[in-house]
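The values are calculated or read from the model by the stated rules, or taken from the named source; none is laboratory data. Since we're looking at a predicted model, the values are computed, not measured. FYI the Cβ positions are ideal-geometry reconstructions off the backbone, even for glycines, and counts take in every protein chain you see.
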Amino acid sequence: MIHAAHDDHGHGPHAHGDPEPAPGESIADRTYVPAVLRGIKLTLARFLQKKFTVEYPEESVYDASYADRGIGASNPRHRGEHILVKDEQGREKCVACLLCMAACPALCIHIEPEPAPAEWTDRERRPKVFEIDMLRCIYCGYCEEACPCDAIRLTPKFYQPTTSRTERVYDKQRLLENNPDAQVPQRPRK
Amino acid sequence: MNETLVAVLAVLVKAVIIVGFPLAIVPGLIYLERKVCSYIQGRIGPNRVNLTIGHIDYLLPPSMRGALPVGLARFKLIPGSLQPLADGIKLAFKEEIVPAQADKLLYFMAPVLAFVPVATALAFIPFGTPTWDAFGSGHVINLQLASANVGVLGLFAIGSLGVYGIAVGGWGSGSKFPLMGAVRSAAQMISYEIAMALALLSAIVTAGTVDLQAFVLHQATTWGGAGWLMFKQPLAALIFLVAMFAENNRLPFDLPEAEPELVGGYHTEYSGLKFGIFFLGEYTAMILMSGLFVTMFMGGWSLPLLIDPYATGGLNALLSAGVFLAKLFLVLGFQIWIRWTLPRFRYDQLMSLGWKKLVPLALANLVVSAIVLTFVS
Amino acid sequence: MPTLLVLLAGAVIVAAGIVTVTRRNPIHAALSMLVALGGVALLMLALHSTFLAAMQVLLYGGAIMVLFTFVIMLLTLREDEMGPEPPARTKTVAGAGAFFVLAIVWWAIATRDHHDFQAPALGGAFGSPEHFARFLYTDYVVSFELVTVLVMAAVAGVIVLGRRADRESLEGTRLTQAPAHKDPHAAPAGRDEVQP
């Protein structure tokens, strides 16, 4: 009898003296009809509810205006496209030390240094060419960690699609002007 | 025009309609299937391949392009409506792969066997009033291609041959998963054909005829036009509906092509247009079964207050065809809806539902209806 | 027109029948048999028996032949399992025997005085389900009921045979019980194959 009691326990709270059968055991349940009706009701509700689809590239998950759908507003710690940081005078902070280039595991950073202008008294060098191949980049953030001047940073910006590979190689000017807030659609929505 | 010529012409036109109908409707069905599926799953579904008049703002000088509202400049009739066409083109340009182990003859024959009987059986379904006076010329035309006195039996007989397409395809592929799918399909279709036929018998006993056109007339003339057999024989209608899903190999009974177990089932080894024809056959079977359900249980082309079953007018005939189409799409939509709602049955559940529940229920229903009809009327 | 149909149906039946008995591949044979049965349905159609034709296709085509193919597919015979090809002499004798039977039937029909046979005038409802049912349940009700008894007996027999096979003759062949009958001191199975 101990075994029997133990077995009964497995059938849930209704097992002891309660005439209500376990789920799936009543006659109505065994005809499948109530379950099917419940399912139909559920899918009808799903059919009518708002859709979650983000129509990339017209829309973006980083577009805050879609916050009502439970999306939008990216994680601020997301590692996306790089920017070159400017100082108070609008110059790039980078001193072309090539540490980021050395730290990069994907070898996507290409820097050609040149002597800084004479009036820039705080540094000796600056980058003449600063290119990041966004297709090679693995967005690891090592360049950000390696930089002694806080000159390169990864932003949460999710990159936008392009029609050619060369467009994915960002030069210095583009990196300087890369606006992390510009997560706007490229084409008008339908 | 003499009578024979008109009759031959009418048959030709009706035949073109019947054959063209599935070819015209199936793309729409596929679109519906994909859209309903994605809406139920919280997605938007195909909306990139559009029927559009083009970017008409590009005709304007560049300075004026912004002036047109976007909705007009990028006008789309139904978003994604050309997706089935894109699917078809993709299938047509796919490489045809014939497995080395395949039985070539059977392998090539199977898709045809899957489509032709089902499309032929469509000829029995009445899609409009039986007494259309063709353009007021005095020639009465029955809007039904094959008005044989065996009616539903003939439809059932020819339609039941569709299982050979699946069985032969599974065998001819020379591969084990298609074979398992084919074996399952044969077992499943035989099992559910019995329940379906018994449910149909209840309906036949109630209406007192097997002629499908007479079926519709019976439903249109009793109970003030609402004598639909789904009200007179609700249990038979329910059993037929369930068996219909099994006959069409659709979820929740799509065991012949259960992806997790059988890769793709009987058409695993098929690609390109041959797969496309299997696809077409499957959807045509869906149309056939839905058409049969509409005709036998939902009053066919009749609708109380709107359609006079004995009128000869052209508008009345056109309306009846429209009503039939609307009802047909209602049932088709229901099938699609169910497909994306219910999970697949296990094989033993499928068999026990068919043999231990539906067959005895249908038999009991038949006996009870026969007794009631004998003693009541 | 009906004569043409009859001739066409006859040609289909004969051709498909020959293919059925000459194919080695069981599925090919079964499908040709299906075509032959379809030819019979066509013959019935040509004789205005629409109900019989529908039943022929429904029962033989849609049910019985499906079961045949189902069983064949379950067995999945390979080429070497089909047994040896019969020798040419056997084939010749079989062919001659078949031809002999055909010749006798032909002779019986040809020598019969066919002028006394008058085809009955057919009503419009001939061959319809109602017409068929009226005959079945009035003139031929006794034979019909006897056939149902026969079918019932067959069903009962199949069930009895099936149950007995499950309970008794297959009992000892279960894999789980097989080791009990073996000599416990015998070498483990498969050991001989492993050692050279």
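Within region B:54-64, does at least one residue satisfy the condition of being modelled with pLDDT under 85 and within 11 Å of chain A (Cβ to nearest Cβ)?
yes
What about A:Lys190, is it more than 30 Å from B:Pro79 (Cβ to Cβ), in contact with an Asp or Glu (Cβ under 9 Å, 6 or more places away or on another chain) and either surrounded by fewer than 12 Cβ atoms within 10 Å (Cβ to Cβ) or modelled with pLDDT under 90 (or both)?
no
Could you check region B:194-210 and list, in sequence order, the residues that are within 11 Å of chain C (Cβ to nearest Cβ) and part of a helix (DSSP H, G or I)?
Across region B:194-210, the qualifying residues are B:Ile194, B:Ala197, B:Ile204.
Test each condition in (1) at pLDDT 65 or above; (2) within 11 Å of another protein chain (Cβ to nearest Cβ) for A:Cys100 and report the one that comes out false.
All conditions pass for A:Cys100, except number (2).
Could you pull out the residue among B:Val323, B:Val294 that is among the hydrophobic types (A, V, I, L, M, F, W, C) and over 15 Å from the mean Cα position of the chain (by Cα)?
B:Val323
Condition check ((1) surrounded by 11 or more Cβ atoms within 10 Å (Cβ to Cβ); (2) at pLDDT 90 or above; (3) outside any helix (DSSP H, G or I)) across all residues:
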| residue | (1), (2), (3) |
| --- | --- |
| C:Ala9 | yes, no, no |
| C:Ile13 | yes, yes, no |
| C:Val21 | yes, no, no |
| C:Ala36 | yes, yes, no |
| C:Val57 | yes, no, no |
| C:Glu85 | no, no, yes |
| C:Trp107 | no, no, no |
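Can you tell me which residue in region B:168-193 is farthest from C:Ala30 (Cα to Cα), limited to those that are within 20 Å of the chain's Cα centre (by Cα) and within 9 Å of another protein chain (Cβ to nearest Cβ)?
Taking the candidates together, the pick is B:Glu193.
Within region B:333-351, identify whether any single residue is among the polar types (S, T, N, Q) and part of a helix (DSSP H, G or I), and answer yes or no.
Within region B:333-351, one or more residues are among the polar types (S, T, N, Q) and part of a helix (DSSP H, G or I).
Of all residues being within 14 Å of chain C (Cβ to nearest Cβ) and among the aromatic types (Phe, Trp, Tyr) in region B:82-108, which is farthest from B:Lys274 (Cα to Cα)? Just the residue, please.
Per the criteria, the residue is B:Tyr107.
How many residues are assigned to a loop (DSSP other than H, G, I, E, B) and either outside the structural domain of A:Arg153 (by TED's automatic domain parsing) or of a type in the set (D, E, K, R) (or both) when one looks only at region A:90-104?
Number satisfying all stated conditions: 2.
Residues B:Gly174, B:Gly162: which one is assigned to a helix (DSSP H, G or I) and not charged (D, E, K, R)?
The conditions single out B:Gly162.
Where residues in region C:127-175 are hydroxyl-bearing (Ser, Thr, Tyr) and closer than 30 Å to B:Asn149 by Cβ, which of them is modelled with the lowest pLDDT?
For region C:127-175, the residue satisfying everything is C:Ser128.
Among (1) in contact (Cβ under 8 Å) with a residue 12 or more places away in the chain; (2) surrounded by fewer than 24 Cβ atoms within 10 Å (Cβ to Cβ); (3) not in a loop (DSSP other than H, G, I, E, B), where does B:Val216 come up short?
(2)
Quick grid of which residues meet (1) under 19 Å from B:Gly20 (Cβ atoms); (2) at pLDDT below 85; (3) of a type outside the set (A, V, I, L, M):
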site	(1), (2), (3)
B:Leu72	no, yes, no
B:Leu91	no, no, no
B:Val98	no, no, no
B:Pro130	no, yes, yes
B:Ile141	yes, yes, no
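Filter region B:150-159 for residues that are in a helix (DSSP H, G or I) and more than 7 Å from chain C (Cβ to nearest Cβ) and give the result.
Correct list: B:Val152, B:Leu155, B:Gly159.
Might you check whether a residue that is part of a helix (DSSP H, G or I), buried (at least 20 other Cβ atoms within 10 Å of the Cβ) and more than 9 Å from every other protein chain (Cβ to nearest Cβ) occurs anywhere in region C:67-82?
The answer is no, given that none of the residues of region C:67-82 is part of a helix (DSSP H, G or I), buried (at least 20 other Cβ atoms within 10 Å of the Cβ) and more than 9 Å from every other protein chain (Cβ to nearest Cβ).
Yes/no per residue for (1) in contact with a Pro (Cβ under 6 Å, 6 or more places away or on another chain); (2) touching a residue at least 12 places away in the same chain (Cβ under 8 Å); (3) on the phi > 0 side of the Ramachandran plot:
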position: A:Glu92; (1), (2), (3): no, yes, no
position: A:Ala96; (1), (2), (3): yes, yes, yes
position: A:Ala102; (1), (2), (3): no, yes, no
position: A:Glu114; (1), (2), (3): no, yes, no
position: A:Arg125; (1), (2), (3): yes, yes, no
position: A:Tyr139; (1), (2), (3): no, yes, yes
position: A:Cys143; (1), (2), (3): no, yes, no
position: A:Asp150; (1), (2), (3): no, yes, yes
